[in-house]
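Below is one structure, written out as structure tokens; comments come after it.
The values are calculated or read from the model by the stated rules, or taken from the named source; none is laboratory data. Values in this document were obtained by computation on a predicted structure and should not be read as measured data. Cβ coordinates were reconstructed from backbone atoms using ideal geometry, including for glycine residues, and neighbour counts include every protein chain displayed.
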């Protein structure tokens, strides 16, 4: 990858003038293409452990017993979480025109939680409302791969440990991979060409997320792009601003050869100053050019939609020709999935519905926004939706305890939509002693999807990282484990395919 | 190298006060030096505080939060409050889920009173703390519908940790949280008084649920045929004193009897490790950039591992479980003072420490009902700490806050810059009076930089290059600190720069 360079820094006071309307009022102009094919990746976490069994749900038994097993585990009535095939707020079938929505192993028809259609009572209810149709509309348009049964060898019921495996892609706890994330390693590999204060990744949260962690390049975290500003003194002393900024930049730059936390602070500070030059203007540009789209995100709730708007702003600035915007990998959160109690089933007032409605509507509006920007952007952005674990097969009185494998979504116009991988076996006779589904590999009927296969497919087929680099035992993003035969990863693993016809995960 | 008989010098005394409280009072430092106090004598003085009775109150999270912050500014014992913060992070309970100001305030008071006492008693108190019972679903847990939330976090976060210091699993992930759920079934809250209550009718008994097997902890499972914690394959029974309300205390006692692969009580090592991380430093990356683990992952044979075992044995913590005695041994240990000489053994200040220490040191008051920092932004201290990523009484999850590296991301830095700006521009009532903080007869830019760096405790940490950058900000030639405009512009600006500097983010 050729290193993308910032325009020469012109200092904080003149940055606004440089990024003025002259540069940005042009219609979208594609900047120089980066080696990842000018593609973007968003990691969107459903934090707390999303109940996968109530997200992608068997609607019948097919040749097996998935629906019967589901109804035995998820109850009707008060506190019951069972999602019905018909009646009020029924499951949304995955089998729609042109798409096969069956579980490849059992043939059971699958449905989506009705909240994922993005229905927020009183806010998003009808066609034309931003985000209406949600994830199900994106599915019906062929833009969603539902990757079932995602997990890692065995499983871990601790939020922290399960997150750590998803972040590091390191289920065996290999120490060389323990402190960096799979995406962080990708951004930091020398061939990517980013330096210690370049910002190829942006996280819209208080701190850099685990999958972005590394020590070679900067990933910036902020809640909003407009937060990247240096607070100033009163206007009477504005002549002092440049001197202050020069001094503080020097203090952070001075840490590059000091040990431990000094250097970490120094790099974070210097990267932050760079972001100040770029991102507030990017935010203003988007708000000026795309006010109506911006307003739509405010209807999605307080979290995910507004964070995706920040992603849209960064992409819009980069696509408008601001080469100083290097970010192409983003992290967005949707929190609150740890539904031990009062989870709610198909009730629009319930917790799980609200979470799913926010997720579904936000994703739909985001891709509508991208499509409207032109330049095939809706086909150049992929969102990976994941959660640290699913939840217990059998519900408790009103919620669900921690579980094992669950579905991931790969969303975007570049995706060959469809079902990938098998639904876990939820028959009570097949569960582990703690009531969770088992991780399986090899030729098992209920073979699971290893999370490393998902990451590997994204890295190789979406971001264009050479497969050999992905699994290099010394520096690779993913580990070629020397465990049992089932865990010996090869390049062939990084090729998830749609079940019904064997199409690759991404369109050419 | 030193020990408890080492006599404190000024740097060490300030370090001890800053790390065990909020800022270093020169009055205390002077007294200690005058009497030639040793590390041990000073630590004894600090640890011997009488736990305060303060209980934060208010009608919203913001009011509760600000009440505690205001108390931190005036608390008699900084160490008392540091320990409350430590345990608050350890037994993290979020207002966001509990939703009850009274119960959250009461829990904070419980931690304050018990923070340096017997740790077994502390865990027993947390087990039946109403805010915790709501937060981790003990109130939803019953014999018919077991809820494992509390049992899992009690083992993973409050006591043992999932693995010991050598990476060996401490308990059965599948069986032990479920077993604890059985012991805790029936516990809940009395709706009128808000007090904990045990209801026998909701409690799981072996007779009613023979298929759940005997009530044991740490027995064998598929992954460990010999069981866990040194109790053998049969584990330890928590119904050995009869079934019912007493089971949760038996569970706690068994957990504290759990021993790691070296035969050392597992809770003792983990608690000492975490207290060292809190008071001294976490990760340690040496001058060559090599990760040496530090207290974040103390390797066998490392200085940190030795330090952990030394403070346990000197304090008798593994038998008496007195937190104060353990903290005392940490505060006299070389590892606690290591950051004074080794810049790699520094720790990132928690946002609450950064904010409170700054306000105290510079004499800035919080104004009005919403406790505003009286500078240009005129924002509530709650808003500032929320931006920095640490709203006390509302930790992001049961894991508490991520320490160290997580505090130095761009969001957190930007928020610290913003707080610093509001402090250095605090010119109105309650604001900063720079002319009272720095000797106004100074004229040499270098001497002024040194005075401000000394005031804020970073003089030894600034490199020559950093000092030069700050001197350069003041400009060439003498500075007239008797000129109000110079003070208002440049001296305030200089204080702001030091507050925003890398050195001031560390301690």
> Listed residues B:505, B:500; which is over 18 Å from residue A:242 (Cβ atoms) and at the interface with chain A (Cβ under 9 Å from one of its Cβ atoms)?
Replying inline: B:505
> Taking the range B:271-289 as the region of interest, how many residues are surrounded by fewer than 20 Cβ atoms within 10 Å (Cβ to Cβ) and under 25 Å from the mean Cα position of the chain (by Cα)?
Replying inline: 2
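Scan the range A:68-79 for residues that are outside any helix (DSSP H, G or I) and either under 20 Å from residue A:434 (Cα atoms) or touching a strand residue (DSSP E or B) at 6+ places or on another chain (Cβ under 9 Å) (or both) and report the count.
Residues that pass the stated criteria total 2.
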> Failed condition for residue B:294, given (1) at negative phi; (2) in contact (Cβ under 8 Å) with a residue 24 or more places away in the chain; (3) part of a loop (DSSP other than H, G, I, E, B); (4) over 17 Å from the mean Cα position of the chain (by Cα), with all others met?
Replying inline: (1)
> Residues A:170, A:89, A:156: which one is more than 19 Å from the chain's Cα centre (by Cα), at pLDDT below 90 and more than 19 Å from residue A:499 (Cβ to Cβ)?
Replying inline: A:156
>> Need the failing condition index for residue B:200 against (1) closer than 22 Å to residue B:132 by Cα; (2) within 12 Å of chain A (Cβ to nearest Cβ), just the number.
In response: (2)
> Quick one: what pairs do we get from the range A:235-253, first residue touching a residue at least 40 places away in the same chain (Cβ under 8 Å) and more than 8 Å from chain B (Cβ to nearest Cβ), second surrounded by fewer than 21 Cβ atoms within 10 Å (Cβ to Cβ) and not in a helix (DSSP H, G or I), C-beta under 7 Å, 6+ apart or different chains?
Replying inline: A:241/A:232; A:242/A:11; A:245/A:230
>> Of all residues being touching a helix residue (DSSP H, G or I) at 6+ places or on another chain (Cβ under 6 Å) and over 17 Å from residue A:334 (Cα atoms) in the range A:195-211, which is farthest from the other protein chains (Cβ to nearest Cβ)? Just the residue, please.
In response: A:200
> Is it true that some residue in the range B:206-215 is part of a loop (DSSP other than H, G, I, E, B), over 28 Å from residue B:166 (Cβ atoms) and in contact with a strand residue (DSSP E or B) (Cβ under 9 Å, 6 or more places away or on another chain)?
Replying inline: yes
> Quick one: how many residues across the range A:291-308 are over 14 Å from the mean Cα position of the chain (by Cα) and under 16 Å from residue A:378 (Cα atoms)?
Replying inline: 1
> Would it be correct to say that residue A:106 is more than 20 Å from residue A:427 (Cβ to Cβ) and part of a loop (DSSP other than H, G, I, E, B)?
Replying inline: no
> Any idea which residue in the range A:371-390 is surrounded by the most Cβ atoms within 10 Å (Cβ to Cβ), counting only those that are at pLDDT 95 or above and more than 18 Å from residue A:507 (Cα to Cα)?
Replying inline: A:389
>> The conditions are (1) surrounded by fewer than 24 Cβ atoms within 10 Å (Cβ to Cβ); (2) at pLDDT 95 or above; (3) within 17 Å of residue A:350 (Cβ to Cβ), and residue A:105 fails exactly one of them. Which is it?
In response: (3)
> What tally of residues in the range B:325-351 results from selecting those that are buried (at least 20 other Cβ atoms within 10 Å of the Cβ), away from every other protein chain (no Cβ under 14 Å) and assigned to a helix (DSSP H, G or I)?
Replying inline: 10
> Which of the helices (runs of 4 or more DSSP H) contained wholly in the range B:392-485 include at least 2 residues that are within 13 Å of chain A (Cβ to nearest Cβ) and under 26 Å from residue B:25 (Cα atoms)?
Replying inline: B:410-424, B:445-455, B:464-474
>> Quick check on this structure: which one of B:162, B:93 is out of contact with any strand residue (DSSP E or B) (no Cβ under 6 Å at 6 or more places or on another chain) and at pLDDT below 95?
In response: B:162
> Tell me, which residue of the range A:281-303 that is at pLDDT below 95 and under 20 Å from residue A:367 (Cβ atoms) is farthest from the other protein chains (Cβ to nearest Cβ)?
Replying inline: A:299
>> Looking at the range A:35-67 only, could you name the residues that are closer than 20 Å to residue A:403 by Cβ and assigned to a loop (DSSP other than H, G, I, E, B)?
In response: A:47, A:48, A:49, A:50, A:51, A:55, A:64, A:65
> Within the group B:383, B:361, which residue is within 14 Å of chain A (Cβ to nearest Cβ), at negative phi and assigned to a helix (DSSP H, G or I)?
Replying inline: B:383
>> Among the residues that make up the range B:165-174, is at least one of them part of a loop (DSSP other than H, G, I, E, B) and away from chain A (no Cβ under 14 Å)?
In response: yes
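Residues checked against (1) within 21 Å of residue B:284 (Cβ to Cβ); (2) surrounded by fewer than 21 Cβ atoms within 10 Å (Cβ to Cβ); (3) at the interface with chain B (Cβ under 7 Å from one of its Cβ atoms):
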{"position": "A:256", "(1), (2), (3)": "yes, yes, no"}
{"position": "A:262", "(1), (2), (3)": "yes, no, yes"}
{"position": "A:271", "(1), (2), (3)": "no, no, yes"}
{"position": "A:279", "(1), (2), (3)": "no, no, no"}
>> Condition check: assigned to a helix (DSSP H, G or I), in contact with a helix residue (DSSP H, G or I) (Cβ under 8 Å, 6 or more places away or on another chain) and within 24 Å of residue B:159 (Cβ to Cβ). Does residue B:111 satisfy that?
In response: yes
> Restricting attention to the range B:246-269, and to residues there that are in a loop (DSSP other than H, G, I, E, B) and in contact with a helix residue (DSSP H, G or I) (Cβ under 8 Å, 6 or more places away or on another chain), which single residue is surrounded by the fewest Cβ atoms within 10 Å (Cβ to Cβ)?
Replying inline: B:264
